[in-house]
Structures are given as structure tokens and as C-alpha cells.
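Remarks on the structure that follows.
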């Protein structure tokens, strides 16, 4: 059953079209992440769902009800913001109670809901404090609590972890995932952090320029990005893009990356649609390449080591391949020195071929 | 080898052989502060001269107001009073004559209070809601409305004096305190609205959004979220309005009538009355009395004033 559904949503600020006829269906209990660079319209889309922005065209449904013209409070949503947005003059308890008091809930009901939320989020000792007396992580917990007490079907998160330091971000990320597993509410989560997206999401919607580029499960997006943008945005370190040209010999296509640099595409999904002489971009992630000193079986190419970046668990080795450069993720136990000649082996199951003109995956 | 040990041991042992190692040599600890540097002499010298320059007239006023007329006639305006008398103060407050009326400044004082309180309350109440609406509820035409309001702040108000006389006459408020309160409220509107708008615009937008998700409407957000956060800017607005309205002379003399003249107008009439001897001590006392209200406001709320002026950086 769908929980949130956006139909042909268009939003204009004056003559500028920020979102254009966008469609999105989110299943009940799903954790959907809107991912994209800043200015891609992901927060705008979330604000439209929340009812904080008036849309120009289209419809928004939440829990089967058309809420296009409803006020935010009547939409059955709770929202968590990047800057926490706690009311500074109120204690944590009053922050949590504020919305419920406005809704004129009975006192004991308010107290019960606050107690429950405080237990779930482990913020009971903080209830009498003011936001200024809390750390960033505690503030964000309270902000989540404020959404929790509203007892709603849909939670909206607008970059909730972006203001926290790296360690705290990782901790709260795990807590959020646990929270979602326990509560099974629908959650829509906006972020520009691909790690958050990959770890939390049931499905990710990658956005750019007000358009959803790809809407898929995290691993599908990681392994089979639909275009160059998605491929480059997801993954860290990012995917290697090598310019090349398709050559078909005896019905078997391969991609030429330079003089004496041919990668046969046997085993690649869509070989049939490739045409001879087609200009392509060959994309392969650093973790899907193997680096050896000797010739191995499988498609492989010679390259020269440029430099090495040790990162603890593994190392990133930068290589020159003809006149193009690329990176390979290697085991940190094997060290390479600049100028060394090595052999790269490709894992074609995880490679992508994009049309150089349309930038779409082939 | 000795140096390495030196670095690793505590400061006591480091001090003991401070002579041999280059690391331990030279100054350490707090830098000594010299009081009589050139910079300090110039800085404090200038400050003292400027302070004296501003305080001297006040000194002369206070001293003169405490002297009797015979002493004043001696002409030593800087000398302290030989015989301190408060009679000029009493006279200025309750006996000085303007025309036929001999009630002193007291009547003017109460008139001013009756003008001040409603004008300040009304103008700040309206302007704060204006500023809040302009900053947070971007209604259609908000920009235009704001521009018109700001343009209003730049038009010299002398231009509007006569039209306002006619308008007040037409609605029957000319020559009444209500009329003057209305004029003061209207003239305070542009600058106060600007003040409040900028303050509310500096409040994080997400706070406003969170309140909307929580179900708070226009007034609930204003009273329960915005107001409790904006004490500093209210203090600034109150100071601006209290001093502005209290010190106003022109509107008071134009839009009211002799019975209702505010304190400033009455002061002018006492000081400038051409009959009899010029009573300098009474005039000085009357002037200080008139200036006392804004002075008190500054003394009481000076700190909050500075904080409010600097309050662009309020974090949620």
C-alpha cells in the first residue's frame, strides 16, 4: 500500500521551475532517501510534501488522503530539521508538548506520549533542560522526539545529521535505522551524503535539477547507475570514467580505451545494443578492479602507478592508463611505488558503459 | 641528552638549569603589562577630553540649578554653589508660570506620560506584528508593501504636517491627545517595522517551519515562539520610541492645544517667557527634569540596548 504519493508535482518560483511534473510513490513503512547535490530540489520536494511550500501544480496524497491543500499539521507528518529547530525558550519537555498542546490533547495523554518518546530516544534525564544546555546529538534526539510524540504515519527528515560531527553522525545513523526497524513508520529522508543514503534507505531517489534521475534499491543504484551523473555521485572514491570507442570483431564487442588498450565486453548485459565505432564512456569503480604485478587471466590492461593513498583498511592507487588516469582500491598489505608497471584486471559484472553523447547507461 | 631530560621534567627542574639550554632561556609566562605606554596615554587622554567636553554643560546645569539667583548674578558659572537650595527645582516642577497657568512642569509631565505610554505600546505592538508578517509570512505584495513603508521613512516629515492637520481635523481628533498618539504611532511605523522585520528574519526559518508542523497558526507562532525570543529587540524599540516621543516638540505643539501640551513644549514656554527676570536656576532645573525620563531609560536598559542592536546573530 502506498503511504505517500506525489502526482505531477510542479513548483515554480516566479518563472523558475524548481520541480517539474514529478511523480513519486512511497510504500507504507518504507525508508526512502532523497539524494542529490545542493540545489537539486530534494529539500524543496520534502517541503512540498510537508505542506510548507505551496505547490504550483499537481497533487500530494498521504495515507490515501489528498492533502494538496491541507495545512502541515493536518497532513499526519512529523518533521526533523537540519538545525534541530528547537524552541530555545522552552525546556525539552515543553518542546515536545508544544504541538500536542496546540492540538488541545488532554494533559495525561501528553504526559504519556512524552514519556514514551523519551524512553525510546533515551532523553529522560534531559527533559527539564533547555536546548542551549544540550549537545548537538542530544538536540537532534529531542527534535526526533518532537516528531515522535505527534504519533504520525510519516516522518520527514531534512538533512538531520548534517550539523553533527562525523563520529556522532555515524552513531545517530545507526540509531535512526534501529528506530525505523522498531517503529515501521514511513520515512522520507533528505541528504546529500551518499553513505547515509546507502546505509539507511530501502530505496534511494537520486535527484538533479528538480528531476528524479533514478529511483531504486541502494545496491541497484550502486551497481547499475542509469546515467553518468548517478554513477559519479554514488560511491566514494568515485567511479573511474574512461573515454573509449566500441569495436566489434566477429560479433564480439570490446571497448578501445587507447592504443593497445582493449577491454572485451563479453559478459556485459547489453552487448547487443552496442554499435561499431560508437563513442562511449567506460565506468568502473575502484573497488571492482584488481591490481597485480603479473599477467592474469580475464580482461586486463597494463598501467603505470602514479601515486598511492593509504587509508588504513585499504589503499587507493592512482594509475596512468595510456593518456587517461584512474584509481584502484587495493589491499593495504601490498604496497606499490610510483612508476611501477602493473596489470589491472576488470570485473565486468560491475562495470558500466555509458553513451558519450546522451550520458545514459547502455 | 641533558636537554631532552630538561624538556620532559616538570617546570621546577627546568628552571633550575635555565642557564645552559637554549630552550629554557628567554622570557616565559605572562607578558608583563606596562601602564604608561604611548598608546595608552593617547587613548585615555582622548577619552577623558571627550568625556569632559560632553559632561561640562551638564555640570553647569546641575550647579546652576542648585544656586540662588543672587549667587548666579555673580557670574561664576563653573563654581559650585555656596549655599545649596532646592527651591528652583520645586518651583520648576510645580510653580513656574506659562501665561496665566502657574502649575509648573508637572502638568506637562503628566501630559507627556499620557502621550508616551499609548504611543509606545501601540506603535510597537503594530510594528512587531508587521515585521513578523513581513519576515515570516511572505504574502503576495509583501515586497511592495515593505518598499512603500521604507520610502515613507525617507520622506521629510515636515512635508506631511499640514495634510495631517487636515486629516485629523476631518476625523475630529485635531487638538486631542488621541490625535497626537495616532501621529506618533504612524511616524514610528517605518523604522520600527524595519527593525522588527530584520530581527525576525534573522530567526532561523526552520524554527518557524517546525512550529507550523506542530500546528501553530499566525498568532500562536507570534506569541509563543517569536515574542519570548525577542526581548532584546523590544528593548531597542522601546528606547527608540520613548526617547523619540518624549523629546518631540514639533508634533506636540502642532497637534495639541495649550492645556494638553507635552513637557517639552511647556519647558520651552517656561524658559522663553519674556516677562520678568530670567530665572536661570529654575530654567536649568526644568530642563534637567524634562531630560530625566530618557536619561533613566538609557541608564536602566543600556546593556540590553547594546545587546539588541547587536542581535543579528541569534542562534536557535
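The values are calculated or read from the model by the stated rules, or taken from the named source; none is laboratory data. As the structure is a prediction and not an experimental result, all values here were calculated from the model. A quick note on method: Cβ atoms are made from the backbone with ideal geometry, for glycine too, and the neighbour counts reach across all protein chains shown.
Here are the numbers:
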{"quantity": "Candidate set: segment A:148-194, residues that are within 14 Å of chain B (Cβ to nearest Cβ) and closer than 17 Å to residue A:135 by Cα; chosen: the one surrounded by the fewest Cβ atoms within 10 Å (Cβ to Cβ)", "calculated": "A:162"}
{"quantity": "Total residues in segment B:144-157, condition over 23 Å from residue B:133 (Cα atoms) and in contact (Cβ under 8 Å) with a residue 12 or more places away in the chain", "calculated": "1"}
{"quantity": "Sole exception among (1) within 14 Å of another protein chain (Cβ to nearest Cβ); (2) buried (at least 20 other Cβ atoms within 10 Å of the Cβ) for residue B:134, by number", "calculated": "(1)"}
{"quantity": "Whichever residue in segment A:49-82 is at the interface with another protein chain (Cβ under 10 Å from one of its Cβ atoms) and farther than 21 Å from residue A:32 by Cα and, among such residues, is surrounded by the most Cβ atoms within 10 Å (Cβ to Cβ)", "calculated": "A:73"}
{"quantity": "Qualifying positions in segment B:92-129 - under 19 Å from residue B:276 (Cβ atoms) and surrounded by 16 or more Cβ atoms within 10 Å (Cβ to Cβ)", "calculated": "B:92, B:93, B:96, B:98, B:104, B:105"}
{"quantity": "Test: residue in segment A:22-39 that is more than 11 Å from chain B (Cβ to nearest Cβ) and modelled with pLDDT under 90", "calculated": "yes"}
{"quantity": "Test: residue B:47 is more than 23 Å from residue B:291 (Cα to Cα), part of a helix (DSSP H, G or I) and either modelled with pLDDT of 90 or more or under 34 Å from the mean Cα position of the chain (by Cα) (or both)", "calculated": "yes"}
{"quantity": "Residue selected from segment A:118-132 under the condition in a helix (DSSP H, G or I) and within 14 Å of another protein chain (Cβ to nearest Cβ), by the criterion surrounded by the most Cβ atoms within 10 Å (Cβ to Cβ)", "calculated": "A:131"}
{"quantity": "Scan of segment B:159-174 for residues that are under 28 Å from the mean Cα position of the chain (by Cα) and in contact (Cβ under 8 Å) with a residue 40 or more places away in the chain, ordered by number", "calculated": "B:161, B:164"}
{"quantity": "Failed condition for residue A:108, given (1) in contact with a strand residue (DSSP E or B) (Cβ under 6 Å, 6 or more places away or on another chain); (2) at pLDDT 90 or above", "calculated": "(1)"}
{"quantity": "Every residue from segment A:124-143 that is touching a strand residue (DSSP E or B) at 6+ places or on another chain (Cβ under 9 Å) and either at pLDDT below 90 or under 18 Å from residue A:185 (Cα atoms) (or both)", "calculated": "A:143"}
{"quantity": "Whichever residue in segment A:83-114 is outside any loop (DSSP other than H, G, I, E, B) and out of contact with any helix residue (DSSP H, G or I) (no Cβ under 8 Å at 6 or more places or on another chain) and, among such residues, is farthest from the other protein chains (Cβ to nearest Cβ)", "calculated": "A:108"}
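So that you can scan it fast, the table gives a plain yes or no per residue for (1) modelled with pLDDT under 90; (2) away from chain A (no Cβ under 14 Å); (3) under 23 Å from residue B:160 (Cβ atoms); (4) over 29 Å from the mean Cα position of the chain (by Cα):
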site	(1), (2), (3), (4)
B:185	no, yes, yes, no
B:192	no, yes, yes, no
B:209	no, no, no, yes
B:212	no, no, no, yes
B:225	no, no, no, no
B:232	yes, no, no, no
B:241	no, yes, yes, no
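Yes or no, residue by residue, for (1) in a helix (DSSP H, G or I); (2) in contact with a strand residue (DSSP E or B) (Cβ under 8 Å, 6 or more places away or on another chain); (3) modelled with pLDDT of 90 or more:
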| residue | (1), (2), (3) |
| --- | --- |
| A:145 | yes, no, yes |
| A:151 | no, no, no |
| A:156 | no, yes, yes |
| A:162 | no, yes, no |
| A:175 | yes, no, yes |
| A:187 | no, yes, yes |
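Yes/no per residue for (1) within 30 Å of residue A:11 (Cα to Cα); (2) free of Cβ contacts under 8 Å to residues at least 12 places away in the same chain; (3) assigned to a strand (DSSP E or B):
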| site | (1), (2), (3) |
| --- | --- |
| A:230 | yes, no, no |
| A:247 | no, no, yes |
| A:253 | no, no, yes |
| A:267 | no, no, no |
| A:291 | no, no, yes |
| A:302 | no, no, yes |
